[in-house]
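The values are calculated or read from the model by the stated rules, or taken from the named source; none is laboratory data. Note that the structure is predicted; figures quoted are calculated from it, not measured. Here the Cβ positions follow ideal geometry from the backbone for every residue, glycine too, while neighbour counts run over all protein chains shown. Surface accessibility is based on the protein's heavy atoms, side chains included, excluding ligands, DNA and RNA. Shrake-Rupley method; radii C 1.70, N 1.55, O 1.52, S 1.80 Å.
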Amino acid sequence: MSLHAILAERENRWNLRQSLAARYRQAVLSLTLNIPGTNKNPDGAAEAFTRLHEFLYRAVRRQGGESSVTGSILRRGADGFCWITPVALDPLRLKAICVSVEEEHFLGRLADADVLDAQGRPVNRVHLGLPPRSCFLCDAPAARCRREGKHPPEQIGAYVNNLLNLAVHTPREEYSHV
């Protein structure tokens, strides 16, 4: 996929999230996969996304109730798989659920769960008093390693491919709880 197509998809997703926040007047959750490079749909991505989506969906409904998730949109495009949904939960509480999935699920490092508040403003880890996400390969902030090109792309790709293989080959019942 071309970088132009990926960036266009991200812009469309941002606009959709903004419109859902305005329409529903509540927090909006967006789940994508954190896959480096331009191939956002590699082997194993569908299984990894499905597992993370199901896990996060259950976690949100457990905290917010059966009717907390409305208007869900699932799609696959140039930027990979995506789930966007308005959620009737406090945005800080929702972000805390997302962070717990990103940190506790065996595929959580692949999860990119973003939250907007009802006014369409991003709710980040800093709002929870947490540090930024760490790099795939070291304890430094991921954004810094990416910006500085600290790790060879092949090493990062091997790490991500290992997680995608785990998604395909790990029995579902082993990782069905929060």
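Side notes on the structure shown:
- Average accessible surface area per residue within the chain, 1.4 Å rolling probe, Å²: 53
- Angle in degrees between helix 3-24 and the longest Cα principal axis of the chain, rounded to the nearest 10: 20
- A value for mean projected area of the Cα convex hull in nm² was derived from the coordinates, and within the list (i) 9.0; (ii) 13.4; (iii) 9.9 it appears as (iii).
- Scattering curve values for region 59-105, log₁₀ I(q)/I(0), Debye with Cα scatterers, q = 0.28, 0.31 Å⁻¹: -1.07, -1.11
- Once backbone amide H atoms are built at 1.01 Å from N, ARG121 has no partners under 5 Å, excluding neighbours fewer than 5 places away on the same chain.
- Using θ = phi - 60° in the Karplus curve 6.51 cos²θ - 1.76 cosθ + 1.60, the 3J(HN,Hα) couplings for region 51-57 round to 4, 5, 4, 4, 5, 5, 4 Hz; x is entered for Gly and Pro.
- Summarising the amide proton neighbourhood of PHE81: residues at separation of 5 or more, or on other chains, whose placed amide H is nearer than 5 Å comprise LEU33.
- Estimated inter-spin distance, LEU137 and ALA158, nm [label 7 Å along Cα→Cβ]: 0.9
- Three-way shape label, region 12-52, alpha-carbon gyration tensor, a/c 1.5: prolate
- Computed over region 1-71: relative contact order in percent, which uses C-alpha pairs under 8 Å that are six or more apart: 26
- Potential lengthening between ARG144 and LEU74 on full extension [0.36 nm per residue; Cα-Cα distance subtracted]: 22.1 nm
- Region 29-114, accessible surface, carbon-and-sulfur percent (1.4 angstrom probe): 47
- Angle between the chain longest axis and helix 91-104 axis [Cα atoms, degrees, rounded to 10]: 30
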